[in-house]
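Report on the structure given below.
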Amino acid sequence: DAVGSQEDDADGNKDADDDGSKDADAIGNKDDDADGSKDDDADGSKEDDADGNKDGDGDGNKDDDGDVNGDDKADGNKDIRVVSKDEDGDVKNSSAYAYVFMVGGVNEKQPGYLGFLYNILVASEVLREHGSKADVVAFFQFVAESDLDELPAKEVRLLVAQNIKVKYLPKPTGEFTYYDLQLEKFRILTLTQYRRVLYVDSDILPLNNLDYVFDLSDGPDATLKENMVVATRGEPSTGGFFMLRPGAGEYEQLRGIIAQQMHDAKDLPHPKFHTVKGWGHNFKAAGDRWRSVKETGNMWVYWGAHCDQGLLYYWVRYVKREASLVIGKTVHNWSTDAQGEHFLEQKLTQPLNELPERYGAFRPIASMKGPLTVSDNRPYTDYAHFAGETKPWRIDLPPGNCLEKSYAPESAAHTWFHAFCRLNNKLQMGLDMDDWDFERHRIGDAPLGNVPDWAAMSRRVTQTAADQVAHTTAAAAEARNSTHPTVAYAISLIKCPAGSSAGLIDASLVLRHSIHQNSVRNPASGSKYDYRMYAIVHEQARSCADVVEQAGFTVLVRKPPVQRKEIRGDYLRNNIRKEVCCGADEFVKLYALLLFEEEVVVHLDIDFLVHRPMDAVIDVMRGEEGARRHVPLEANGTWPEGRIDAMITRDWPEVRNVGRKAGFQAGFWVLRPSQEHFDNLLEIIREGNYVPGYSHQNGWGGQGYGGFIGARAMQGLLAYYYDIVVPGTSVELNHCRFNHIGVTTKIGKKCRNNKKECEECRTTPVADIYSVHYTACRKPWTCTALGSRDPRHDRLPKFAVPEDIVSLDHCMALLRLWHAHRTDMEEKLWAAVGDDAIRAGQAGAYNRASFQGHCTEDQSVGYLPLAGGKADILKQLPTLVYAS
């Protein structure tokens, strides 16, 4: 080589590789394996086992995500594995924004992917040359038949030299077509380290600095929305060039949309795509239309509507509902008002043509030979899409000296070759550009073709339906036969808590700890059941998602399954938003019915504590013989003969007049996942048959399920559903033992449930209680120890323990349970990290007998957050405390 050292590479040091380090591999760090980390195994992590994750147990975990990508394997990664790293072995972002390219069908035996890889190199060179500061990320996906898991070292060298961050997608299994590949691009939503990502097809060449789409979409005076799509002549969105805002749970939500569309289409004739409903929006019923540069329509029939281009439009326009639609010379900015209504906020004309000089000069199409795009406006004029056989790496080198600056402006292909020739020299690629021949340079056809044909989609829908049946059956069988079957515990976050973060952070951590302590992971509990935590997060509470994710919850961000405008009944449509708490937003809890990975789901409110193992309840749900006799039912309750699909408690404390129906208590719901129940409930909501008033014929279906808190939402809906629509499929548990609130069960001397006898919840022994719901006894993080009859109490009644309906002593005993779980968690955390912030959170002197050092005075102002609220300590909890 020509670097002046004494070995055979070109990095200038004295080893035998060319990575620029002083070890014996080629990755640029200082250890002796080739995984890009600093340990002595080859899995790419920073510990000394070989499972590829960041723990020390070597188990590799399993993500079991149920998609079509074949990533349910014990390799320790979670969909995306990183290879390009900085000198410390970490991916370090230099920007809050990223351009993302994707190459699929990678096969070393048929290297058609090389042309696309070359284009990514060229694109990065052009972007940098024009002043772009954003990161460049490249996704690569190998075919199942490939013997490789990573690109050859010589290709990785080129990408790393251009500072391109390389990520590998899981190898697919079974048939995998261009249609499937187009849905993979939405994995950009997982890149949550970035505020915005711009997806660019790997046959697109940027012609200018495109950073303006990032800059103009961020900040208080943003011109563009956080999501941007660009219309073509005949389609409202191109799948080759678009910007999205990544977020926790976003990709999972989008995969759920795909799964739902395929489920709905499984019984349709070929091509198994509903051209009216599409991905979930009926244009005709809604009275709106899609628009492209030249066309408009109200059906999902444009090119790519069944694939990425239709899904993309549906995602930004009807799911995220914060989007800029670039349509020729205009930009339509869509937003959502305070009532949840979608509206056109702005319609701008040519807003991108006059930009600061740092983004490059605006040049209409006529300034470069060849019709590059469909509109003479930005961003169309700032990139060239080499569709079909026009790809530069598939044609002859245009005549002229490709290294001369005057060569580039002739055409988009000239621009491409000008950059490629310079890279060939700069990176010592060794290509003979004087005699360019794509066949000689082993650049074949596009690996998976260029068309997402309908037949491929039809086959995928059919196969997915069959796979879902098989997967659900196998999961249920595994749960029945496993030594430690798993129960799903789910919470729903509908809005981020106001004020103190304790109602979110500490509440979720203590809830999880209580579940952990009453599971098989704590042998002293005697339970046989393991657990998995889920958080169903309303899209408006997305900013809270990271908190519960760090607490060990799998986060699923969802929009309400029914929009208020879809409700046909006038009264419910106009009044549901007035319902206490959340109105129609509360219906996100219904997504618990779609958690098919486990046989049984327990949905809880976050202000909850599990006190005893609920094995008998789970046993009944799983159909185990003899289990029913161990489950305490509500007074005089009886078991139905058939299968149990749900166990609930009623909100008897809210019954003001004996003889009235009680609502479903929405803080506790044991259920069997069911698409049928989910669909039934959504249709009841859409029908909106709700009678106003307080008579015995009010509420849902005119059956008396109304007039109480939550009646128009979950509490009335599910009581009506289980009693009237599907009787005999549920059972009512003793509400003094399960979902215990501690409120008296009597009005005067009569039982609220109109029975002759009823258990008095105010005196139920704590040892007999399975779970506690902190409502009337106040939240544990409010440090409330004064009763409403205490003469020292000088606050409004809502700031004291309401002694007219609860026992103060009983409430203090319940609060002591929560604080005891927090203390137990703190001690385990202290043993692991020894941080003084943990002890500082235990230094309070107020009512230590109950609050155990967590409070300095009465009310929330006196609460000391767990570990001082230090995020770097709290995020270690799932690994340090719950790993076993």
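The values are calculated or read from the model by the stated rules, or taken from the named source; none is laboratory data. Not measured: the values here are computed from a predicted model. Here the Cβ positions follow ideal geometry from the backbone for every residue, glycine too, while neighbour counts run over all protein chains shown. The area values use the complete protein model at the heavy-atom level, side chains included, leaving out ligands, DNA and RNA. Shrake-Rupley method; radii C 1.70, N 1.55, O 1.52, S 1.80 Å.
Okay, here's what the table says:
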{"read-out": "Within the range 680-747: Cβ-based charge dipole about Cα centre, in debye rounded to nearest 20 (Lys, Arg +1; Asp, Glu -1)", "value": "220"}
{"read-out": "Pairwise FRET efficiency - ALA524 versus GLU757, Cβ, R0 = 30 Å, nearest 0.05", "value": "0.30"}
{"read-out": "Dipole in debye (nearest 20) - the range 506-545, about Cα centre, beta carbon charges: Lys, Arg +1; Asp, Glu -1", "value": "140"}
{"read-out": "Descending semi-axes in Å of the range 241-336, equivalent ellipsoid built from Cα gyration tensor", "value": "22, 18, 11"}
{"read-out": "Most to least packed among 688-700, 600-612, 847-859 [average Cβ atoms within 10 Å]", "value": "600-612, 847-859, 688-700"}
{"read-out": "Label-point separation in nm, LYS495 to ASP836, each point 7 Å along Cα→Cβ", "value": "4.0"}
{"read-out": "FRET efficiency for HIS274 and LEU633, using Cβ-Cβ distance with R0 set to 60 Å, rounded to 0.05", "value": "0.85"}
{"read-out": "Proportion of all alpha-carbon pairs of the range 655-717 beyond 15 Å (%)", "value": "54"}
{"read-out": "Of LYS185/LYS405; LYS589/LYS756; LYS294/LYS320, pairs whose Cα-Cα distance is over 30 Å", "value": "LYS185/LYS405; LYS589/LYS756"}
{"read-out": "Cα→Cβ-extended label distance, 7 Å offset, between VAL301 and SER146, nm", "value": "3.9"}
{"read-out": "Solvent-accessible area, 1.4 Å probe, carbon plus sulfur percent, for the range 90-202", "value": "49"}
{"read-out": "Listed residue (VAL631, PHE596, PHE608) projecting farthest to the positive dipole end of the range 580-632, Cβ model", "value": "VAL631"}
{"read-out": "Nearest-0.05 FRET efficiency for THR349 and ALA843, computed from C-beta distance (R0 51 Å)", "value": "0.25"}
{"read-out": "Rounded to whole Å, sorted largest first: equivalent-ellipsoid semi-axes of the range 483-590, Cα gyration tensor", "value": "32, 16, 11"}
{"read-out": "Å² per residue, accessible surface of the range 211-331 at 1.4 Å", "value": "34"}
{"read-out": "Peptide ranges 181-194, 306-319 listed from the most packed, as the mean C-beta count within 10 angstrom indicates", "value": "306-319, 181-194"}
{"read-out": "Accessible area of the range 500-617 divided out per residue, in Å², using a probe of 1.4 angstrom", "value": "31"}
{"read-out": "Rg ratio (alpha-carbon, reference 2.2 N^0.38 Å) - the range 183-240", "value": "1.21"}
{"read-out": "Global form of the range 303-360, assessed from the alpha-carbon gyration tensor, a/c cut-off 1.5", "value": "oblate"}
{"read-out": "The range 611-705 - percent of accessible surface contributed by carbon and sulfur, probe 1.4 Å", "value": "42"}
{"read-out": "Label-point gap, in nm, between ALA153 and ASP376 - each point 7 angstrom along Cα→Cβ", "value": "5.4"}
{"read-out": "Within the range 766-875: Cβ-based charge dipole about Cα centre, in debye rounded to nearest 20 (Lys, Arg +1; Asp, Glu -1)", "value": "180"}
{"read-out": "Cα Rg, Dmax (largest Cα-Cα span) when computed across the range 145-184, Å", "value": "12.8, 35"}
{"read-out": "Ordering of 761-768, 486-493 by packing [mean C-beta count within 10 Å, highest first]", "value": "486-493, 761-768"}
